[in-house]
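Enquirer: Please find one structure pasted underneath; my questions will follow.
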Amino acid sequence: MNRRVFLKNTLGSLMAFIGISGGTYYYSRNIETTLLKITEETISSPKINSAFNNFKIIQFSDTHIGFHYSLEQLQELANKINLQNPDIIVFTGDLVDEPNHYNWDSRLTTILQSMKANHGKYWIYGNHDHGGYGTDIVHDVMEKSHFHLLQNNHVSIEQDGSTIVIAGVDDVMLGKPDLDATLQHTDPNLFTILLAHEPDFVEKTFSYPIDVQLSGHSHGGQVRFPFIGDLYTPAYAEKYVQGKYILNDEKLSLYVNSGIGTTRLPYRFLCKPELHVYTLKSQMS
Ligand SMILES: [Fe+2]
């Protein structure tokens, strides 16, 4: 057992033994889960042509609607996304917590429809979307909401004669991710962003011409402690948990979004719901 795991286990046992104070419990259940952190990141690359300078991509992830996250909250999120005037919106999986137990409501489609982006809205499957027989119904809702599915395929986004590629793989845990199919016929010289629900998948992408991977799934751990960090993250989010990682000899940047909703336990502590706003910067301009 390494030192970090030992510390986590010890602290976890201690917390369970003494009990979390009532104020902390109230805060982590009722306050922090309703907050929103907007993380702004600038992505620059020699592969970004000046036509894409200041191009804005918004990522939201892991809404887990139905598990302590309501449609009213989703509407507020949609309003905040629209205020950013994004060029592209990407959703990186886990729409509802349990598709087979969720009381599907047409308002969900209306809210997702209300999200506006100049160059389109894209999404990938997460493990909760495929789980609970959700594959078809989540697909149907997202399609009606004008979100385009990227499941082992890609789209070319064109602006003023220049192109970037947005690619997406199927869910790693319950789907069939296939990077060869995803990038088939793409030009490796084009700036390429990959959407992959599970962040630890990034090590598979090292051998492909991918400049940026956007992931979710980890929820940032949901509950974090100073100096210790997260106590628990799910499989395939154990190595890359939160924020930005520069990898593979600086050829690839991974951004791990902390998600919007919660799962398993309805708490967040030092790990607010997060919206990512990425602004592309050309190094040619
Ligand atoms: Fe997930």
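The values are calculated or read from the model by the stated rules, or taken from the named source; none is laboratory data. Just so we're clear, the structure is a prediction, and the values are computed from it rather than from any experiment. Note: ideal-geometry Cβ built from the backbone for every residue, glycine included; neighbour counts use all protein chains shown. With ligands, DNA and RNA removed, areas are computed over all heavy atoms of the protein, side chains included. Shrake-Rupley method; radii C 1.70, N 1.55, O 1.52, S 1.80 Å.
Enquirer: Would the chain count as rounded, prolate or oblate if I go by the C-alpha gyration tensor, calling it rounded below 1.5 in a/c and otherwise prolate when a/b exceeds b/c, oblate otherwise?
Expert: Here the chain falls in the prolate category.
Enquirer: Same structure again: With everything on Cα atoms, drop me the angle between helix 71-83 and the longest principal axis of the chain, reported from 0 to 90° to the nearest 10.
Expert: 40 degrees
Enquirer: Rounded to the nearest 0.05, what FRET efficiency is calculated for Lys176 and Tyr232 with R0 set to 22 Å and r the Cβ-Cβ distance?
Expert: The calculated FRET efficiency here is 0.25.
Enquirer: Count the net charge of all other residues whose Cβ sits under 13 Å from the Cβ of Leu214, scoring Lys and Arg as +1 and Asp and Glu as -1.
Expert: Surrounding charge for Leu214 is -4.
Enquirer: Among the aspartates and glutamates, select those whose C-alpha is under 18 Å from the C-alpha of Lys204, and discard any that sit fewer than 8 residues away in the same chain.
Expert: Within reach: Asp170, Asp171, Asp178, Asp180, Glu238, Asp249, Glu250.
Enquirer: With a ≥ b ≥ c taken as the square roots of the eigenvalues of the C-alpha gyration tensor of region 163-276, please select rounded if a/c is under 1.5 and otherwise prolate if a/b is larger than b/c or oblate if it is not?
Expert: Prolate shape, in that a/c is at least 1.5 and a/b is the bigger ratio.
Enquirer: Taking a threshold of 20 Å on the Cα-Cα distance, which of the pairs Lys47/Lys281; Lys37/Lys239; Lys121/Lys239 fall above it?
Expert: Pairs exceeding the cut-off: Lys37/Lys239; Lys121/Lys239.
Enquirer: Quick one: net charge around Pro266, please, counting Lys, Arg +1 and Asp, Glu -1 for every other residue with C-beta under 12 Å from its C-beta.
Expert: +1
Enquirer: Name the aspartates and glutamates eligible as straight-distance cross-link partners of Lys272: C-alpha to C-alpha under 15 Å, and not fewer than 8 places from it in the same chain.
Expert: Those aspartates and glutamates meeting the cut-off are Glu32, Glu40, Asp62, Asp230.
Enquirer: Ser45's amide H: which non-local residues (gap 5+, or another chain) put their own amide H closer than 5 Å, with H modeled 1.01 Å from N in plane and none for Pro or chain starts?
Expert: Close amide H contacts, sequence-distant or interchain: Lys281, Gln283.
Enquirer: Quick one: putting +1 on the C-beta of Lys and Arg, -1 on the C-beta of Asp and Glu, what dipole do you get for region 144-237 around its Cα centre, in Debye to the nearest 20?
Expert: 300 debye
Enquirer: If a/c stays under 1.5 just call it rounded; otherwise compare a/b with b/c (prolate if a/b is bigger, oblate if not). Do that for region 127-212, with a ≥ b ≥ c from the square roots of the Cα gyration tensor eigenvalues.
Expert: Cα axes put region 127-212 in the oblate bin.
Enquirer: Continuing with this model, one more query. Can you work out ³J(HN,Hα) from phi for every residue in region 188-202, in order, using Karplus 6.51 cos²θ - 1.76 cosθ + 1.60 and θ = phi - 60°, giving whole Hz and x for Gly and Pro?
Expert: Once θ is set to phi - 60°, the couplings for region 188-202 become x, 7, 7, 5, 10, 10, 10, 9, 9, 4, 8, x, 5, 4, 3 Hz.
Enquirer: As I understand it, the dipole of the chain uses +1 on the Cβ of Lys and Arg and -1 on the Cβ of Asp and Glu, about the Cα centre. Which of Leu231, Leu150, Pro86 lies farthest toward its positive end?
Expert: Of the listed residues, the answer is Leu231.
Enquirer: Still on this structure, I have one more. Skip the ligands, DNA and RNA, and give the accessible area per residue of the chain with a 1.4 Å probe, whole Å².
Expert: For the chain, the solvent-accessible area averages 46 Å² per residue.
Enquirer: Can you grab the distance from the C-alpha centre of region 140-174 to the C-alpha centre of region 55-105, Å, no decimals?
Expert: 16 Å
Enquirer: When the accessible area of the chain is split by element with a 1.4 Å probe, what percent falls to carbon and sulfur?
Expert: 51 percent
Enquirer: Could you pull out every residue, at least 5 positions away or on a different chain, whose amide H is within less than 5 Å of the one on Asp230? Hs are placed 1.01 Å off N in the peptide plane, and Pro or chain starts have none.
Expert: Here the answer is Phe225, since their amide H atoms fall under 5 Å of that of Asp230.
Enquirer: So, one more: Relative contact order for region 158-285: what is it in percent, counting Cα pairs under 8 Å that are at least 6 residues apart?
Expert: Worked out over region 158-285, it gives 20 percent.
Enquirer: Quick one: of the DSSP bridges fully inside region 122-198, what percent are antiparallel, nearest 5?
Expert: In region 122-198, approximately 50 percent of DSSP beta bridges are antiparallel ones.
Enquirer: Only four residue types carry charge here, +1 at the Cβ of Lys and Arg and -1 at the Cβ of Asp and Glu. Report the dipole size of the chain about the Cα centre in Debye, rounded to the nearest 20.
Expert: 940 debye
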